[in-house]
Each structure stands twice: as C-alpha cells, then as structure tokens.
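> Here it is: the structure, laid out below.
The values are calculated or read from the model by the stated rules, or taken from the named source; none is laboratory data. As the structure is a computational prediction, the values presented were derived from the model and not from experiment. Ideal geometry is used to build each Cβ from the backbone, glycine not excepted, and the neighbour counts take in all protein chains shown.
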Amino acid sequence: MDIVLFENVSKTYRMGEVDVAALDHVSLSISQGAFTALVGPSGSGKTTALNLIGCLDRPSQGEVTVAGRAIGPMGRRESAEFRGKTLGFVFQDFNLLPVLTVYENVEYPLLMIRDVPKGEHKPAVDRVLAAVGMADQAGKYPAQLSGGQKQRVAIGRALVGKPALVLADEPTANLDGATAHKVVELMKQMRDEFGTTFVFSTHDPRIMDQAEVTFHLEDGRLIDGPAVGKEAHHA
C-alpha cells in the first residue's frame, strides 16, 4: 500500500516578478513502512516535497495523496486535524521547548493536538522514552542535553501519538557524523518497532546510504528513484 503518492506534482512560488518552480512535474510513490530518503542539494525541492506531504503547503498542479487522503482540497482546520492524527515531525534544529523537561516535551503533542485520555499519557511517554534510550533523562531540560540526545527526544515526541508517517527535514544537519549515523539508525529501529513510515530529507552523503528507498531531486525535478517514469522526467 502506498502511504504517499505524488501524481505529476508541481509547486511554483512567486518571488518578486518571477515564478520559481520548487517542484516540476514530480511523480513518485512511497510504500507503507518504507524507510525513505529525499536527497539532493539545497534548493532541489526536497523540503517543498516534505511540506506537501505534511499538509503544510498545497501543490500548484497535480495531486498529493497521503494515507489515502488528497491534501489539496483540505482546509486549514482539516489539515491541522489530519496532521495531529496521522503525522509526526522531526526538525533539524530539534524544536524542543526549553522550559519543558524531556518528559514534558514528549508529552506535549498529546496535550495540544491529540484527543488522548490523561491516563494514557504516562504509559505512552514512558514507552517512547525507553525506545529512544532517554528514559533516564526524563527530568532534564533541553539545555542539559547533547545534540544527539535532543534529536532522540524529538524522535520520541514525533512517535508518541502513534502516527502512520514521520517526516524528518534534515534531521542530522546539526549533528557530527558519528551521531548522525546513530540517529538515522535509531529512526530505522523505530520504524521496525512501531511500524511507522519514515521519510527524511538530506543532502549529506554520509547518511544517504542508510535509506532503503531513495528519491534524488535536482532543480525541482525527480531525476532518480524507484520506477521513475516519463511523468517524473517531464520538463
């Protein structure tokens, strides 16, 4: 089953007097459970693709389907509800709240987005903290953590609501090489344990080979990937 489907998708932004094509007639599919990387240099379109998958933007042309839902027709409230129930996010700068402990940061989506009974919070948070190896750091604050530990907490936060799909935009950009490899391996382990599909973007050749499926973007076009067809190469 495909959890993500792009059908001849283009995304154009207006910059002054010029239209800039961030994505240019891209067609691709991502299977449920796939550990997938969108790779390419800065400006290749990979973050735009993640934003479309995450219902943070809309295509200018074509159709994006996520978990069986077409995202184009969704209104703002519907998009927010869909993100809360279906998606998790991991960011390159971690985006942890500095005034909250590790435990509270992971619990935060359950409080703010998901309709989860209070009694289910602690078991859910404890489970993901144990899974990402941060159970013994639950009472610490982000300022007391290393970069790798912060990203582990961010992965736990993304997983706590049991999303079908986790999107990670350059999740290793602020980490050294050894820590970056550990973080990607952790995401792969979480996919195996929780059954969550992971899609991450990167331009780091050190971690590209850890993906099971890779789509290569350049100048908004899909130039390489599984079963790239004529539509994906269309100029």
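> Within the bounds of region 62-78, is there any residue that is under 17 Å from the mean Cα position of the chain (by Cα), under 24 Å from Met134 (Cβ atoms) and modelled with pLDDT of 95 or more?
There is no residue in region 62-78 that is under 17 Å from the mean Cα position of the chain (by Cα), under 24 Å from Met134 (Cβ atoms) and modelled with pLDDT of 95 or more.
> Anything in region 76-125 that is in contact with a helix residue (DSSP H, G or I) (Cβ under 8 Å, 6 or more places away or on another chain), β-branched (Val, Ile, Thr) and over 20 Å from Tyr141 (Cα atoms)? List them, or say none.
Correct list: Ile113, Val116.
> Moving on to the next point. For region 145-196, which residues satisfy the criterion of being under 21 Å from Asn51 (Cα atoms), without any contact (Cβ under 8 Å) to a residue 60 or more places away in the chain and not aliphatic (A, V, I, L, M)?
Gly156, Lys162
> Still on this structure: Among what's in region 49-65 and is assigned to a loop (DSSP other than H, G, I, E, B) and either among the basic types (Lys, Arg) or touching a helix residue (DSSP H, G or I) at 6+ places or on another chain (Cβ under 7 Å) (or both), pick the residue that is surrounded by the fewest Cβ atoms within 10 Å (Cβ to Cβ).
Taking region 49-65 as the starting set, the residues that turn out to be assigned to a loop (DSSP other than H, G, I, E, B) are 54-60.
From what's left, either among the basic types (Lys, Arg) or touching a helix residue (DSSP H, G or I) at 6+ places or on another chain (Cβ under 7 Å) (or both): 54-55, 57-59.
On the way: Gly54: 21, Cys55: 22, Asp57: 19, Arg58: 14, Pro59: 20.
The residue in question is Arg58.
> Given the residues Ala211, Ala227, Ala232, which is the only one that is at pLDDT below 90 and either under 12 Å from Phe35 (Cβ atoms) or surrounded by 17 or more Cβ atoms within 10 Å (Cβ to Cβ) (or both)?
Numbers: Ala211 fails: at pLDDT below 90; Ala227 fails: either under 12 Å from Phe35 (Cβ atoms) or surrounded by 17 or more Cβ atoms within 10 Å (Cβ to Cβ) (or both).
Of Ala211, Ala227, Ala232, the one residue that is at pLDDT below 90 and either under 12 Å from Phe35 (Cβ atoms) or surrounded by 17 or more Cβ atoms within 10 Å (Cβ to Cβ) (or both) is Ala232.
> Kindly provide the set of residues from region 143-164 that are within 21 Å of Asp209 (Cα to Cα) and within 16 Å of the chain's Cα centre (by Cα), ordered by number. Talk me through it step by step, then tell me what you get.
As a first pass, look at region 143-164 and keep what is within 21 Å of Asp209 (Cα to Cα): 148, 151-152, 155.
Listed by number, the residues that qualify are Gln151, Arg152, Ile155.
> Turning to a different aspect of this structure: Specify the residue that is nearest to Phe35 (Cα to Cα); the eligible residues are those in region 182-205 that are in a strand (DSSP E or B) and not hydrophobic (A, V, I, L, M, F, W, C). Explain how you work it out, then say what you get.
Within region 182-205, the subset in a strand (DSSP E or B) is 197-202.
Okay, now just the ones that are also not hydrophobic (A, V, I, L, M, F, W, C), so 197, 201-202.
Values: Thr197: 6, Ser201: 11, Thr202: 13 Å.
It comes out as Thr197.
> Same structure, new question: Those residues that are free of Cβ contacts under 8 Å to residues at least 40 places away in the same chain, assigned to a strand (DSSP E or B) and not hydroxyl-bearing (Ser, Thr, Tyr), I need them from region 3-27; list them, please. Don't jump to the end; show me each part of the working.
Start the filter on region 3-27 by keeping residues that are free of Cβ contacts under 8 Å to residues at least 40 places away in the same chain, which leaves 13-20.
Of the ones still in play, those that are also assigned to a strand (DSSP E or B) are 13-15, 18-20.
Hits for region 3-27 are Arg14, Met15, Val18, Asp19, Val20.
> If I ask for residues that are farther than 16 Å from Met208 by Cβ, small (Gly, Ala, Ser) and outside any loop (DSSP other than H, G, I, E, B), which ones from region 28-48 would you list?
Ser29, Ser31
> Among the residues of region 166-187, is there at least one that is surrounded by 22 or more Cβ atoms within 10 Å (Cβ to Cβ), modelled with pLDDT of 95 or more and in contact with an Asp or Glu (Cβ under 9 Å, 6 or more places away or on another chain)?
Checking region 166-187: not a single residue is surrounded by 22 or more Cβ atoms within 10 Å (Cβ to Cβ), modelled with pLDDT of 95 or more and in contact with an Asp or Glu (Cβ under 9 Å, 6 or more places away or on another chain).
> At least 3 residues that are surrounded by 14 or more Cβ atoms within 10 Å (Cβ to Cβ) and among the aliphatic types (A, V, I, L, M) in each: list the helices (runs of 4 or more DSSP H) lying fully within region 76-159 that qualify.
Working: elements: 76-86, 102-112, 121-131, 147-159.
Helices (runs of 4 or more DSSP H) meeting the threshold: 102-112, 121-131, 147-159.
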